[in-house]
Amino acid sequence: MTGRVVALARCQVKRGPMELLNEASISVDKGVAGDPRGHKKGRQVTLLAREAWEAACTDLGKPLDWTTRRANVLVEGIDLACSKHRQLRIGSVDFTVAMQMQPCFLMDEFESGLKAALKPDWRGGACCSVRSAGIIRVGDPVIFAD
């Protein structure tokens with residue numbers, strides 16, 4: 001199964017606005033360059049599947065911009081559900097899926113009911129550790145390497 005990167009984003013300050021990017025520099029130590037959340041082990045880069053996000057929005061009965069989820073990478077054509085410990089390659093950068101990205105209370109601050117809509121089937125996305133540094137771009141292929 002091969003997917004692709006649909007969009008990239010980062011926030012430069014905690015709880016700050018999300019900034020859309022055409023490309024992102026990814027480091028082993030800090031995840032997405034300029035995003036202060038990337039220093040946490042196992043949560044350096046966060047992924048969100050477009051199809052899962054749209055399913056959550058359908059449950060809510062309204063479309064929401066994907067950046068509401070505050071993830072770094074929006075992908076399509078690849079299922080993140082139950083992918084813990086799997087190896088993933090985006091462009092030339094290698095990742096390990098560390099865990100499911102659990103929706104927090106902030107989701108309901110943005111939209112009532114969003115936290116619950118993101119809980120099933122890893123709809124909230126995946127947290128990844130960076131195994132190799134590089135640059136990822138909108139349009140890059142996304143594949144499970146294992």
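Nothing in this text is a laboratory measurement; each read-out follows from the coordinates by a stated rule. All values derive from a computational prediction rather than experimental measurement. Glycine also receives a Cβ, built like all others from the backbone with ideal geometry; neighbour counts cover every protein chain displayed.
Full extension of the segment from I135 to S25, taken as 0.36 nm per residue of separation minus the current Cα-Cα distance, would add 39.2 nm. Label zone (M1, point 7 Å along Cα-to-C-beta; backbone nitrogen cut-off 12 Å) within the range 24-61: 49-52. Under 12 Å of direct C-alpha separation, and excluding same-chain neighbours fewer than eight residues apart, K14 reaches these aspartates and glutamates: D35. Applying the Karplus relation 6.51 cos²θ - 1.76 cosθ + 1.60 with θ = phi - 60° to the range 111-125 yields 3J(HN,Hα) values of 7, 4, x, 5, 4, 5, 5, 8, 5, x, 6, 6, 4, x, x Hz, where x marks Gly and Pro. Picking from L60, N72, Q44, whose Cα lies most toward the positive end of the charge dipole for the range 31-78 (charges on Cβ: Lys, Arg +1; Asp, Glu -1)? Sorting the options by dipole projection puts first Q44. So, counting K/R as plus one and D/E as minus one, what does the shell of residues with Cβ under 12 Å around G91 add up to? It works out to a net charge of 0. Principal-axis analysis of the Cα atoms of the chain puts helix 50-60 at an angle of about 10° to the longest axis. Residues in the range 133-138 carry Karplus couplings, in order, of 7, x, 10, 10, 10, 4 Hz; the curve used is 6.51 cos²θ - 1.76 cosθ + 1.60 with θ = phi - 60°, and Gly or Pro positions show x. With a cut-off of 16 Å on the backbone N, the residues of the range 103-130 near the modelled label site 7 Å out from C82 along Cα-Cβ are 120-123. With K and R counted +1 and D and E -1, the other residues having a Cβ less than 14 Å from that of D140 yield a net charge of 0. With semi-axes √(5λ) of the Cα gyration tensor in Å as the read-out, I listed (i) 41, 16, 11; (ii) 35, 26, 13; (iii) 22, 17, 14; which label goes with the value calculated from this structure? Label (iii) holds the value from this structure.
Rounded to the nearest 20, the size of the Cβ-charge dipole of the chain about its Cα centre is 500 debye, with Lys and Arg at +1 and Asp and Glu at -1. Counting only residues at least eight positions apart within a chain, or on another chain, the aspartates and glutamates with an alpha carbon under 16 Å from that of K84 are D94, D121, D146. May I ask for the net charge around M101, where only other residues with Cβ less than 10 Å from the Cβ of M101 are counted and Lys, Arg are +1 while Asp, Glu are -1? That works out to +4.
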